[in-house]
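Colleague: Take this structure first; my questions come after.
The values are calculated or read from the model by the stated rules, or taken from the named source; none is laboratory data. Because the structure is a prediction, the values reported are computed rather than measured. All Cβ positions, glycine included, derive from the backbone under ideal geometry; neighbour counts span all protein chains shown.
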Amino acid sequence: MKIEEIKTIVKMMSDNDLTEFKIEAEEYNLCIKRGNDKTQVFTTMPAAAPVAPAAAPVAPAAAPAESAEPKNTIDSPIVGTFYSSPSPETPIFVSVGDKVTVDTVVCIVEAMKVMNEIKAEKAGIIKEILVDNSTPVEYGQALFVIE
């Protein structure tokens, strides 16, 4: 990724008041975190360890008002637009009640005109789809509840 592309992402983050941006590709992983008038950029090349979290907190997150038992979810690894099928004419990737494996593609998240297939990364049964088709999603946002 070129430095101009990273500068463009940082400007877009600032314009849209985003605190974190993460993209994972075959060639690299990129994670940008903003906060306290600082911008931190983490990158890794293939076969490198996953991106390490920032040492200082970027922004305090609101505590979710959920039950004490956390839900087992499939979360968005990037900011983008959620698509439940590869195209409007084709069936959706998964429905409620479908069994999935770690390699099952459950949706696509489009980021910067790149269609990123999102895999379940855990085996189970889809219990709930939390996002509507063609809606924006944030990094770490729960997309599916899996049991």
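Colleague: Pairs only if they're at least six apart or on different chains, beta carbon under 6 angstrom, first in the stretch 76-101 and on the phi < 0 side of the Ramachandran plot, second polar (S, T, N, Q); list them, first residue then second.
Modeller: Note: pairs meeting the criteria are 76/141; 82/135; 84/133; 92/84; 92/85.
Colleague: Right, another one. When you check residue 84 against the structure, is it modelled with pLDDT of 80 or more and within 29 Å of residue 147 (Cβ to Cβ), yes or no?
Modeller: Yes; evaluated as a whole, the condition is true for this residue.
Colleague: Ok, one more. From the list 39, 90, 43, exactly one residue is modelled with pLDDT of 90 or more and either more than 22 Å from residue 20 (Cβ to Cβ) or among the β-branched types (Val, Ile, Thr) (or both). Which is it?
Modeller: Testing whether each residue is modelled with pLDDT of 90 or more and either more than 22 Å from residue 20 (Cβ to Cβ) or among the β-branched types (Val, Ile, Thr) (or both) leaves just 90.
Colleague: Separate question: In the stretch 5-24, what residues are exposed (fewer than 12 other Cβ atoms within 10 Å of the Cβ) and outside any helix (DSSP H, G or I)?
Modeller: 16, 17
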